[in-house]
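First comes the structure, then the notes that go with it.
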Amino acid sequence: MMLKIEHIGIAVKDLNNSNELFKKLFGQAHYKTEEVQSEGVNTSFFQIGENKIELLVATNPDSPIAKFIEKKGEGIHHIAFDVADIRAEMKRLESEGFVLLNQEPKAGADNKLVCFLHPKGTNGVLIELCQENK
Ligand code: ZN
């Protein structure tokens, strides 16, 4: 079961510049930054009421974020949904015909277990499932 939108991920070229820009936009600074080495990204998080915005910058040229920006430019990269049981949700979505980009939940930013769905099966929107890693 999907519980709520956990965060929206935005791909940016320069994290420092974008942290400043979004600080002006939201009227508050990001509350943390975190590198996810396995994904080749550095992230920062803003809390807006109940919702979060995650900024993502590539840390190497092979990073999915580098490739995304090359193809599409900066902008909304993914929408993440909080799920109660990520394995159950992955199984359910796979049986519905969605293509999972990873077959096992993996460690994402912000102490989450995550799984991405292939955007070809979701009208071009990259969907991230995430579950609090307890
Ligand atoms: Zn995310």
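The values are calculated or read from the model by the stated rules, or taken from the named source; none is laboratory data. Only a predicted model underlies this, so the values are computations on that prediction, with no experimental measurement involved. As a convention, Cβ positions derive from the backbone with ideal geometry for all residues, glycine included, and neighbour counts pool all protein chains shown. Note: accessible area is taken over every heavy atom of the protein model, side chains too, but ligands, DNA and RNA are not part of it. Shrake-Rupley method; radii C 1.70, N 1.55, O 1.52, S 1.80 Å.
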Exercise for review: Rank these residues by their accessible area, most exposed first, probe 1.4 Å: Thr33, Thr122.
Suggested key: Thr33, Thr122
Check your understanding: Angle, helix 15-26 long axis vs. longest principal axis of the chain, Cα atoms, 0 to 90°, nearest 10?
Key -> 90
Exercise for review: Based solely on C-alpha atoms, express the radius of gyration and the Dmax of the chain in angstrom.
Suggested key: 14.5, 43
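Would you mind working out the accessible area per residue for the chain, using a 1.4 Å probe, and quoting it in Å²?
Details: 7700 Å² over 134 residues.
Using a 1.4 Å probe on heavy atoms only, each residue of the chain averages 57 Å².
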Check your understanding: With the contact rule set at Cα under 8 Å and sequence spacing of 6 or more, what percent relative contact order holds for the chain?
Key -> 26
Review point. Which angle from 0 to 90°, rounded to the nearest 10, does the C-alpha axis of helix 86-95 make with the longest principal axis of the chain?
Key: 60
Check your understanding: Could the peptides 126-133, 60-67 be put in order, highest first, of the mean number of other beta-carbon atoms found within 10 Å of their residues?
Key -> 126-133, 60-67
